[in-house]
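The values are calculated or read from the model by the stated rules, or taken from the named source; none is laboratory data. Everything quoted here is computed from the prediction, not taken from an experiment. Neighbour counts are summed over all protein chains in view; Cβ atoms, including those assigned to glycine, are modelled from backbone coordinates with ideal geometry. Note: areas computed on protein heavy atoms with side chains; ligands, DNA, RNA excluded. Shrake-Rupley method; radii C 1.70, N 1.55, O 1.52, S 1.80 Å.
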Amino acid sequence: MLSTQFPLCTGNTHSHHKEYYSCHSKRVSQKRNKKIIMAAMINDTASQEYDRSKEVKQFDDSKIGVKGLIDSGITSIPRIFIHPPETLSDLKSKRSTRLPDSESNLIPTIDISGLEDSNRRSAVVDKVGHACREFGFFQVVNHGVPLEVLDRTIGSIKGFHELPTEEKMRWYRREMGSGVSFLSNVDLFHSKAASWRDTLQMTLGPNLPELEEIPEICRNELVDWNQCAKQLGELLMELLCEGLGLNAGKLKDLTFLDARTMAAHYYPYCPQPDLTVGIMSHTDPGVLTVLLQDQIGGLQVKHGEGWVDVKPVPGAIVINVGDIMQILSNDEYKSNEHRVLANGCQEPRVSIAIFFSPLKRDSLFGPFPELISPEKPAAYREFTYTDYIKRFFTKELDGKSLTNYYKL
């Protein structure tokens with residue numbers, strides 16, 4: 001993603017943003033906030049004083065997140081959120097193009113019930129394997145997680161993000177020392193443009209944080225969801241292994257079930273959704289992501305030269321292959337690029353991702369020996385997950401998979 005001075009931005013000078021962010025930190029009145037915001041949004045495209053790094057720091061230091069910007073009454077987005085023309089043109093072409101009905105819902109939805117029957121299980125394994133090879137994404141229904149658990153989890157995360165800014169500030173931090181953090185844009189200081197979302201992050205495994213560290217408004221719901229997601233993750237890992245002709249417990253034996261991290265995203269209404277994104281195109285770390293999303297929509301997956309929607313299915317859970325699974329499978333399975341459009345709806349979008357990674361981070365990982373042959377040699381060199389995750393979090397989410405870095 002290339003840097004640019006986008007001509008349509010509603011230019012924001014340093015002094016305007018500095019006043020705005022500091023005022024929020026001092027909890028001035030709503031009326032005063034709105035006046036400052038509107039002053040900061042005055043068109044100043046001719047200004048040569050724009051310093052993105054300074055404005056990013058001011059935004060982060062304010063601890064208000066994107067939701068705080070909306071609550072202040074802004075009607076145009078700050079310059080740090082405006083993406084370059086090449087990104088925006090791709091978004092606009094997608095927004096204006098309707099796929100034929102036969103292609104509008106390509107991401108498979110798979111019923112994973114009845115797996116105690118061997119014939120039924122074999123058929124499900126085939127469907128899961130095909131989805132992992134073709135798209136790297138699929139949705140599962142009849143997965144055993146009660147619908148009320150899904151609804152309560154989404155509602156509790158929405159509730160957290162809609163707490164008063166002063167309450168959420170307690171958790172605003174970029175380090176995960178306590179196991180819980182609230183922030184806006186994990187790659188804020190590495191990206192060339194920020195995205196329109198806030199996130200509650202939490203370490204789920206091998207152990208949960210101290211319960212008092214988890215926001216009370218979503219504490220019980222996240223404890224329940226963690227248990228359900230772990231059980232579902234174990235089943236899915238078995239199906240993925242069987243789809244490669246491997247022992248069903250291979251990923252579990254390598255501790256991929258034990259290290260779990262949650263990213264609970266909140267995409268508020270964006271007044272200029274054609275100028276930014278909800279999250280940039282990227283691939284996921286780990287072996288597997290279990291994603292719970294509401295019914296608003298906006299998630300898209302790369303397919304060929306275009307993008308397809310992952311349309312919300314009531315009661316379904318979205319599953320996708322991570323970078324490490326692509327490497328372990330020796331390119332049999334695909335860790336696919338995906339993104340989220342900025343939310344132009346008044347109703348916020350909520351999604352909750354759980355990433356499954358190895359607990360033994362300093363073990364060496366590479367293609368499974370069973371999947372290497374003279375006809376298909378290893379496509380990747382061995383590496384530690386510690387090395388991988390360090391590289392993942394020191395780059396922007398830019399659609400460039402780290403799998404390429406380890407290619408032979």
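Descriptive notes on the structure:
- Using θ = phi - 60° in the Karplus curve 6.51 cos²θ - 1.76 cosθ + 1.60, the 3J(HN,Hα) couplings for region 204-221 round to 9, x, x, 10, 5, x, 4, 4, 5, 7, 7, x, 4, 5, 10, 4, 5, 5 Hz; x is entered for Gly and Pro.
- Working note: Karplus 6.51/-1.76/1.60 with θ = phi - 60° gives region 367-373 the couplings x, 4, x, 5, 9, 10, 8 Hz, where Gly and Pro are set to x.
- Cα centroid separation, region 204-273 to region 106-177 (Å): 8 Å
- Each label was represented as a point 7 Å from its Cα along the Cα-to-Cβ direction; for residue 190 and residue 359 these points are 2.7 nm apart.
- Here the accessible area of region 271-319 is 53 percent carbon and sulfur, with a 1.4 angstrom probe and all protein chains present.
- Gyration tensor verdict on region 233-299 (Cα atoms; rounded if a/c is under 1.5, prolate if a/b is larger than b/c, oblate otherwise): prolate
- Sparsely packed loop sites in region 299-381 (the GluC sites (Glu not before Pro) outside DSSP H, G, I, E and B with at most 10 other Cβ atoms within 10 Å) comprise 305, 375.
- Potential lengthening of the chain between residue 134 and residue 387 amounts to 88.3 nm, from the contour at 0.36 nm per residue minus the alpha-carbon distance.
- Interchain or long-range residues, amide H under 5 Å from residue 288's placed H: 322, 356
- In this simple spin-label model, placing a label point 7 Å from the Cα along the Cα-to-Cβ direction at both residue 305 and residue 118 gives a separation of 4.8 nm.
- Amide H partners (placed H, <5 Å) of residue 182, local residues excluded: 172, 173, 201
- J(HN,Hα) series, region 287-304, from Karplus relation 6.51 cos²θ - 1.76 cosθ + 1.60, nearest Hz, glycine and proline x: 9, 7, 10, 10, 10, 9, 10, 7, 9, 6, x, x, 6, 10, 10, 5, 9, x
- Contour excess over end-to-end distance, with Cα ends at residue 394 and residue 212 and 0.36 nm allotted per residue: 62.5 nm
- Over region 186-310 - Rg/Rh using Cα atoms and the Kirkwood inverse-distance radius: 1.00
- For residue 270, nonlocal amide neighbours, meaning residues 5 or more places apart or on other chains whose placed amide H falls under 5 Å from its own, are 343, 344, 345.
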